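Visitor: Mind looking over this structure? Questions follow.
Please treat every number below as a calculation from the coordinates, not as lab data. Because the structure is predicted, anything quoted here is derived from the model rather than measured. Note that we place each Cβ from the backbone using ideal geometry, even for glycine, and neighbour counts take in every protein chain shown.
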Amino acid sequence: MTDGHGQRVLVVDNDRTVLELLKIRLEVAGYHAYVTRTGADALDSLRNVRPAAMILDTNVDGDGFALLHAIRHRYADAHFPILMTGRDLKVDDVRHAQADGAQLCMVKPFSGAEAVERIGRLLQLAHDRPAAATPHAGPTVAHI
Amino acid sequence: MDGADLGDSVLKATIANTLDVLAWEIELAGARSHYLDSIIGRMINLIPEDRRAEFVESMHTVDLLSQQLTSLSAFTRRMSGDVPDVSAYVHAALGHITLGALADRMSAALGGEELGIDHGEGAGDLDLF
């Protein structure tokens, strides 16, 4: 299962266990994963490296939505898909994430294999239909 | 160091949260095992053909371990959603984890970080890495 073709995936989560397991799972699947625990570090990374996709938790710095908004605002030209994760995500949270440019939401807890599979699907979708990975593309694939 | 000496009343967590944290840790162990499996898989090709069979067997064992851990993680995760809303003191149990990094991560995830508790320092007796 090494079909990530070295594509870069940025993972932002304040939970070190989740970060490490996603890094391992993504790298075994052939992606190049780089991980951060804070919004400041994530923005710093994005200044230097543009990922093919991103996994962002709602709890980063206590408000992952603010970081999502900042990323989409600051890097409006970057159309990489974002998978939003979080505990107890409600329909309003999914709408909020979608409005701010996330393509997919996934409720915690999840398995690492599941997360990798969804990243693969998002990247495939972005490849097949580039417009679907554009922020504000409409209610395409987000679900709980 | 005996975990009970750290003060049992300090860190308390719901059973649901404790199972959830445990599920993530088992999931991480499963991911590490999966990684090991992939390394062995790549190394197999470098081994002379006449000795390959014994390594293939090792690979199956690691693959089985990986699946076992993933299944246990799924079970624990599922259970975390089904337990009644009760809490337990986890401080003493964390003190018995001999791997400092693991104790520290679990303590943080169970609310220890907010209370300024660092189990990585005092947990267990020995870190080999």
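Visitor: Rounded, prolate or oblate: which fits segment A:8-133 when a ≥ b ≥ c are the square roots of the eigenvalues of the alpha-carbon gyration tensor, with rounded for a/c under 1.5 and prolate only if a/b beats b/c?
Guide: Verdict is rounded for segment A:8-133.
Visitor: In terms of the Cα gyration tensor, with a ≥ b ≥ c the square roots of its eigenvalues, is segment A:79-119 rounded because a/c is under 1.5, prolate because a/b exceeds b/c, or oblate?
Guide: Here segment A:79-119 falls in the oblate category.
Visitor: What order do you get for A:Lys90, A:Lys23, B:Lys12 when you list them from fewest to most C-beta neighbours inside 10 Å?
Guide: Arranged by neighbour count, lowest to highest, A:Lys90, A:Lys23, B:Lys12 become A:Lys90, B:Lys12, A:Lys23.
Visitor: Next question. Where a Cα-Cα gap under 24 Å defines reach, which lysines qualify for A:Lys23, not counting those fewer than 8 residues away within the same chain?
Guide: A:Lys108
Visitor: Compute from the Cα atoms of segment B:3-122 the Rg and the Dmax, the latter being the longest Cα-Cα distance, and quote both in angstrom.
Guide: That works out to 18.5, 59 Å for Rg and Dmax.
Visitor: Sorted from fewest to most neighbouring beta carbons within 10 Å, what does the list B:Ile44, A:Ile24 look like?
Guide: B:Ile44, A:Ile24
Visitor: Per-residue ellipticity at 222 nm for chain A, helices alone: DSSP H runs ≥ 4 residues times -39500 (n - 2.57), over residue total, nearest 500 deg cm²/dmol?
Guide: Dividing the helical sum by the residues of chain A leaves -13000 deg cm²/dmol.
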